[in-house]
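Input: a single structure, listed below in structure tokens.
The values are calculated or read from the model by the stated rules, or taken from the named source; none is laboratory data. Note that this is a predicted model, so its numbers are computed, not measured. Here the Cβ is made from the backbone with ideal geometry for all residues, glycine too, and neighbour counts use every protein chain on show.
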Ligand SMILES: [Zn+2]
């Protein structure tokens, strides 16, 4: 079971928006200037220094992977998710480590 109410794809979109519009803001904990964007030939990844939140989109596999951040650090007022249109076809993985 997962306590997350958003899919990996939704987290990726939110992380992307937060990064661009929120000065490298973390979608999970809300910390600014905490998120690093990593783009490789096969994937795009956002990771947070502060809460260990990480979300990755694998272009080749068309798959999203989510590593949830510290639950104690989670921002209780996330962006409005209803503005996002995400066609979720990929399964989600919730990393434990
Ligand atoms: Zn964070």
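Annotations for the structure displayed:
- Residues that are more than 16 Å from the ligand (Cβ to nearest atom) and either outside any strand (DSSP E or B) or in contact with a strand residue (DSSP E or B) (Cβ under 7 Å, 6 or more places away or on another chain) (or both) within region 32-50 comprise 40, 41, 42, 43, 44, listed in sequence order.
- Number of residues in region 51-67 that are more than 10 Å from the ligand (Cβ to nearest atom) and touching a strand residue (DSSP E or B) at 6+ places or on another chain (Cβ under 7 Å) equals 9.
- Test: residue 70 is within 11 Å of the ligand (Cβ to nearest atom) and modelled with pLDDT under 95: yes
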